[in-house]
Amino acid sequence: MAKLIITIFLLCFVATGARAQTSNDVSWAKRVDTGSQVVTTLQFYFHDTLSGSNPSAVRVAQPQSSSSSLGGFGNLMMIDDPLTEGPEKNSKLIGHARGMYGQAAQNDLELIMVLNYGFIDGIYKDSSFSLLSLNPAMKTVREMTIVGGTGLFRLARGYALAQTYWIDPTTGDAIVGYNATIVTYI
Ligand SMILES: *[C@@H]1O[C@H](CO)[C@@H](O)[C@H](O)[C@H]1NC(C)=O
């Protein structure tokens, strides 16, 4: 008996919920179920240059009790890194990764990435996605979260897999390969 009452209660609840979703019963909000998704996969390279007279990554903050190494907890970098089609430095420029990353782990090398990946090539010109994620930098392949975007990447959800293509251990300069998968709606 109790089971039956619970079942009836649940059925009423589901029915009410469904009605509220399909009727546009307020003037200021509308729900449309389009059901259609677009999956975009991207492959590009990220050039992070700390050395030289024109670095694309600069340290903007550091903890008071500083270990001066890049890996020190609390170090914060601002970047404007070129994104290219292939791994070579002179490969076609397709966009820029702009924003910040900082060393966010006390006993590991883990970076908090707060970055906008903006594109300038083809139909992706003026589209961008935002990546907000911890980057476990010592892993061979780092998985990171894509949380939104503009232009063709409006309402983006997705992830990026990053793998170092080349690194200079002395300067920290690096070229990183990215494979990103992004879901948007038509
Ligand atoms: C990225 O995709 C390419 C081509 O499919 C593949 O060779 C490479 O292993 C992928 N890299 C990562 C980190 O997933």
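Nothing in this text is a laboratory measurement; each read-out follows from the coordinates by a stated rule. Because the structure is predicted, anything quoted here is derived from the model rather than measured. In this analysis, Cβ positions are derived from the backbone assuming ideal geometry, glycine residues included, and neighbour counts consider all displayed protein chains.
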Test: residue in segment 165-181 that is surrounded by 14 or more Cβ atoms within 10 Å (Cβ to Cβ) and in contact with a Pro (Cβ under 6 Å, 6 or more places away or on another chain) = yes
Please list, ordered by first then second residue, the pairs with beta carbon atoms under 7 Å, 6 or more apart or interchain, first in segment 144-162 and farther than 16 Å from ALA97 by Cα and touching a residue at least 60 places away in the same chain (Cβ under 8 Å), second away from the ligand (no atom under 16 Å from the Cβ) and not in a strand (DSSP E or B).
-> LEU152/ILE123; LEU152/TYR124; LEU152/SER127
Determine, yes or no, whether ILE112 is within 16 Å of the ligand (Cβ to nearest atom), in contact with a Phe, Trp or Tyr (Cβ under 7 Å, 6 or more places away or on another chain) and free of Cβ contacts under 8 Å to residues at least 40 places away in the same chain.
-> no
Give the residues of segment 115-131 that are surrounded by 15 or more Cβ atoms within 10 Å (Cβ to Cβ) and either among the aliphatic types (A, V, I, L, M) or more than 13 Å from LEU83 (Cβ to Cβ) (or both), sorted by residue number.
-> LEU115, SER130, LEU131
Scope segment 166-186; condition away from the ligand (no atom under 14 Å from the Cβ), under 15 Å from TYR117 (Cβ atoms) and not aliphatic (A, V, I, L, M); matching residues = THR184
